[in-house]
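Read the structure below first, then the notes.
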Amino acid sequence: MNEVDTIIIGLGLAGCSMYWSLKKAGIKCLCIDPNIKNTSSKVAAGMYNPIVGKRFTTAPNATELFDSAKKYYNSIEKIIGEKIYFEIPLYMPFQNIAHQNDWSLKMPKLKEWIHDNPELEQTLLAKYESEFGGFFVNKTGYVDSNLYVKSTFDYCRKNNELLIENIDYNKLNIETKTYNNYQAKNIIFCEGANVLNNPFIKQKFLNLAKGQLLCGISTSALPKIIYNGKIYIIPTSENGFICGATYEWDYINNEPDEFGKKYLINELNKIVKFEYTISNHKAAIRPTVIDRKPIVGNINSESIYILNGLGTKGVVLAPYLASLITENITNNSEISKEFSIERFNNK
């Protein structure tokens, strides 16, 4: 038997963050992943923004989370030799007068996260429509999640810490914690939507949603500003951008389709003032937890874990949530019950 400390099943955003957290703690890992091209982590825009949606809310510990995420990704960049963490101003346009009025009521509580920048706004308005105005948010940008996953995958493979295959549940024994000829002390399921095929997890906690996005090239240089309205537009190079995304609860497959493309192009054309061409069209299935809270902690026994359902703030939450499991493994620190899969028992 080959002995490892921990087997990580799935190497998407959750699995990669779990791997690096354990690696930094000196824990030897074996990762198992089939390297599928259109997973949600590889297709995701990776945008981070402390202000959420139409209700203009923030997490109670947002400052700590966002500062910690920046340090984390900067540390990973040094290891993998790639730039994956990008800090870019983000503009949130008001959708209508009612949206504008709601903002006026919430603004006093959000002063830490917003700023005025008339000059930057003029730069943005030269390229984008914003009928009702908007505001800029602090501590925003995006993580190149596809490069993050790919670089972690390559690092694991180079260090002989990776099996490139679909997990065969018939060969996985969670009581003895063995898989083929590997013996582990812990097993962590980081499977995303594929958790629905996992015979060891009986709770039903996911609603799956198809998401589609477009990659485009503008005929002129774009401002380094994220436009985050009904759709988002993220500049990824001088002329390149990505825009998205759809949320489709009824779908036939996980492939890009004309419905998604037409929807995004229609919304894009309402906003942009520049000519562009579409260079790529991507789609994947998101693992969306029913109550919109992540799943983190033990299942079945103290040494079997799950990390899943990271949500729209996944790039910020993943390093933090992975550290909770690492602390539980190394120091027996308690993981908050609010993240427990047990909340879905008997549902």
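Things to note:
- ASN170 vs. criteria free of Cβ contacts under 8 Å to residues at least 40 places away in the same chain, part of a helix (DSSP H, G or I), over 20 Å from LEU321 (Cβ atoms) and assigned by TED's automatic domain parsing to the domain that holds ALA318: yes
- Which listed residue, of ILE231, ILE225, is in contact with a strand residue (DSSP E or B) (Cβ under 7 Å, 6 or more places away or on another chain) and without any contact (Cβ under 8 Å) to a residue 60 or more places away in the chain: ILE231
- Selection of segment 232-267 for residues being aromatic (Phe, Trp, Tyr) and part of a helix (DSSP H, G or I) yields PHE259, TYR263.
- Filter result for the condition that a residue is in the same structural domain as ALA193 (by TED's automatic domain parsing) and without any contact (Cβ under 8 Å) to a residue 40 or more places away in the chain, over SER333, SER303, SER323: SER333
- Scanning segment 49-75 for residues that are modelled with pLDDT of 95 or more and either more than 16 Å from the chain's Cα centre (by Cα) or not in a helix (DSSP H, G or I) (or both) yields a count of 3.
- Search result, residues across segment 190-205 that are more than 17 Å from TYR305 (Cβ to Cβ) and surrounded by fewer than 20 Cβ atoms within 10 Å (Cβ to Cβ): LEU196, ASN197, LYS204
Here's the yes/no breakdown for (1) modelled with pLDDT of 95 or more; (2) under 17 Å from ASN2 (Cα atoms):
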site	(1), (2)
LYS150	yes, no
TYR155	yes, no
ILE164	yes, yes
ILE174	no, yes
THR178	yes, yes
ASN181	no, yes
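The values are calculated or read from the model by the stated rules, or taken from the named source; none is laboratory data. Note that the structure is a prediction, hence the values are computed from the model and not measured. With ideal geometry, Cβ positions are generated from the backbone for all residues, glycine too; neighbour counts draw on all protein chains shown.
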